[in-house]
1. Once you treat every alpha carbon in the chain as an equal point and sum by Debye, what is log10 I(q)/I(0) at q = 0.09, 0.10, 0.12, 0.13 Å⁻¹?
2. Under 14 Å Cα-Cα from residue 60, which aspartates and glutamates qualify once same-chain neighbours fewer than 8 residues away are excluded?
3. Per 0.36 nm of contour for each residue apart, how much would the distance between residue 204 and residue 271 grow if the chain were fully extended, relative to their Cα-Cα spacing?
4. Hey, if we sort 199, 121 by accessible area with the 1.4 Å probe, largest down, what's the order?
5. In the stretch 131-285, what is the count of Lys pairs whose alpha carbons are under 24 Å apart, counting only pairs at least 8 residues apart or on separate chains?
6. Given a Förster distance of 41 Å, report the FRET efficiency between residue 255 and residue 51 from their Cβ-Cβ distance, rounded to the nearest 0.05.
7. I need the calculated FRET efficiency for the pair residue 168 and residue 280, taking r as the beta carbon distance and R₀ as 45 Å, to the nearest 0.05.
8. Going through the DSSP H helices of the chain, which span 15 Å or more along their own axis at the Cα atoms while scoring at least 0.5 as a mean Kyte-Doolittle hydropathy?
Amino acid sequence: MFQKDLLNGKRILITGGGSGLGKAAAQKFLELSAEVYICGRRHDVLAAAEQELRERTGGKIHSRPCDVRDPAAVEELIGIIWAEGPLDVLMNNAAGNFLARTEELSLGAFQSVIGIVLMGSLHTTMACGRRWLAAGRGGVVLNITTTYTTTGSAYVVPSAVAKAGLQALTRSLAVEWGDRGIRMNAIAPGPIPTEGAFSRLLPRPELEVAAKKRNPLGRFGTTEEFANLAAFLVSDGSAYINGEVVTMDGGEWLQGAGEFTALGRELTDKEWEMMKPNPKKSASQ
Ligand code: HXC
Ligand code: NAP
């Protein structure tokens, strides 16, 4: 789908790049000749991902533990990376989430998820953005949100408010920093099987069947499809796309939102026939 050197010369940081979608994007970026940094909290997961992706792609990959909730740790990480050369792309992918009844959540539960998703992305974006602006050079930020940023969603409220904030950050800075060459976009993925997401959000296997049924395409997305979109959005081929949130969910959220969708799926063939105009009646009028 892409030229092998599409991302040649690009230095990219992916937060949460040691697992799931972040790791899939790291692999794709390496295959397209980028130099990739990944960070996360778990040393062992990062080290294993670094080794696996280096062996698989032969590309330049570095991993460093960092908790994005900690602004000092983020500043240190970005300083270390910049000492080796400026980044061209920041992908804010690290997240925390779980299913819970909101009235049962502690303040710590809210702080944990909002701290990772919203404040963590803010810390990395400010650390990179200030450096890009000071140097008078451009940069690209790609934020990973969800499809419930505008609708909200019951039972994942800390995530919903944090991802909505991240979407607002995307659109706000796309405008404020656009004239200085910094592009900000987001991907809002629908369900894509990863250990991190599915272990926390789909507690019973049969719920996966129901989740697929809710989707017009009747299936989940794939990490490959996600990585392809991410590669396009961080490449120079998408240079005029700024402030956009690209939904890739097979049409799932639209199916949920459409007034007559569920009703239409319930109707029998006989009922559809009954809904058609009656030719005899029209002729007599
Ligand atoms: C209620 C919970 C909870 C749960 C944790 N807490 N899990 N409350 N229900 N299931 C509370 C704890 O009691 C604690 O509150 C606070 O949250 C912090 O929990 P810790 O375990 O101490 O935090 P930490 O180890 O930092 O873990 C953070 C985490 C965890 C967010 C809770 O789940 C995590 O590490 N997640 C990272 C990966 C992830 O979530 N990936 C999925 C992304 S999927 P107190 O009051 O004791 O401090 C996604 C997309 C969804 O976002 C869309 C799909 C279609
Ligand atoms: P995942 O594998 O759990 O990815 C989350 C990553 O974030 C992990 O690598 C985790 O590593 C890292 N992380 C969490 N807290 C961190 C912190 N404080 N500091 C640094 N890194 C941290 O789940 P995923 O499915 O790939 O999710 C990736 C992104 O896609 C997330 O933004 C998620 O909201 C979004 N998304 C996923 C889906 C889906 O269906 N999979 C759908 C919509 C949106 P550590 O635990 O080692 O820190």
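The values are calculated or read from the model by the stated rules, or taken from the named source; none is laboratory data. Since the structure is predicted, the reported quantities are computational estimates derived from the model, not experimental observations. Heads up, the Cβs are rebuilt from the backbone with ideal geometry, glycines too, and the neighbour counts pull from every protein chain shown. Keep in mind that these areas ignore ligands, DNA and RNA; they rest on the heavy atoms of the full protein, side chains included. Shrake-Rupley method; radii C 1.70, N 1.55, O 1.52, S 1.80 Å.
1. Once normalised to I(0) and log-transformed, intensities are -0.46, -0.55, -0.76, -0.88.
2. Residue 60 reaches 5, 31, 35, 50, 52, 84.
3. Using 0.36 nm per residue and subtracting the Cα-Cα distance, I get 20.7 nm.
4. 199, 121
5. Step by step, the pairs that qualify in the stretch 131-285 add up to 4.
6. Between residue 255 and residue 51 the formula returns 0.50.
7. Here the calculated transfer efficiency is 0.20.
8. Qualifying helices: 71-84, 157-176, 223-234.
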